[in-house]
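None of the figures in this text is laboratory data; all of them are computed from the coordinates on show. If you're wondering where the values come from, they're calculated on a predicted model, not measured in any experiment. Here the Cβ positions follow ideal geometry from the backbone for every residue, glycine too, while neighbour counts run over all protein chains shown.
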Amino acid sequence: MAVKIRLARHGAKKRPYYRVVVADGRMPRDGRYIELVGRYNPLTNPKTIDLDLEKIDEWISKGAQPSNAVSHLIDIARSDAPAPEKKQKLSKKAAAKAAAEAEAAAEAAAAEAEAETADAE
């Protein structure tokens, strides 16, 4: 029996919440599992990673294989560093609006500097 330590997805549509479970590799992703060993919520800021590392180490010593995602979460939990944040990519409209605001601010600053030099003379 191939035992895996993997993520089981829960939560609503577009609102994922994951449980870190030990399961038989033949079971479905969200199906029956042997033991719950942690939780992961990517929507909170900072991301919530709650793992029972003692249970995970015990299962790994018995031969359980962690998935790539779970291995990454274990590394983050062991280092006690916050999960790395991905930069939010602006939409085209938001990027254009930000550029227009920056240009308007630059023009205002230039006009203000020009007015100060005129007042000084």
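The Kirkwood hydrodynamic radius of region 1-58, based on inverse pair distances between different Cα atoms, is 11.9 Å. Taking label points 7 Å from Cα along the Cα-to-Cβ direction, residue 27 and residue 79 give a separation of 3.0 nm. Axis of helix 92-120 versus longest Cα principal axis of the chain: the two differ by about 30°, to the nearest ten degrees. Here the Gaussian network model covers the chain, with springs between Cα atoms less than 10 Å apart; of 91, 61, 79, 91 fluctuates the most. If you run the Gaussian network model on the chain, springs between alpha carbon atoms under 10 Å, then out of 103, 35, 58 the most flexible one is 103. Can you tell me which of 66, 28, 42 moves the most in a GNM of the chain? Springs connect C-alpha atoms under 10 Å apart. Its mean-square fluctuation being the largest, the pick is 28. Spin-label model, residue 57/residue 100: points 7 Å from Cα along the beta carbon direction are separated by 5.7 nm. Net charge dipole, region 3-79: roughly 540 debye, given to the nearest 20, about the Cα centre with Cβ charges of +1 for Lys and Arg and -1 for Asp and Glu.
The alpha-carbon of residue 47 sits under 20 angstrom from the alpha-carbons of these aspartates and glutamates, leaving out residues fewer than 8 places away in its chain: 75, 80, 85. Sparse packing (at most 14 other Cβ atoms within 10 Å of the Cβ) combined with a DSSP loop state is found for the following trypsin sites (Lys or Arg not before Pro) in region 1-49: 13, 14, 26, 29, 32.
Axis of helix 68-79 versus longest Cα principal axis of the chain: the two differ by about 70°, to the nearest ten degrees.
With contacts taken as Cα pairs under 8 Å and at least 6 residues apart, the chain reaches a relative contact order of 19 percent. Within region 38-63, name every residue whose backbone N is under 13 Å away from a label modeled 7 Å from Cα of residue 14 along the Cβ vector. What the label zone holds, given the 13 Å backbone N cut-off, is no residue at all.
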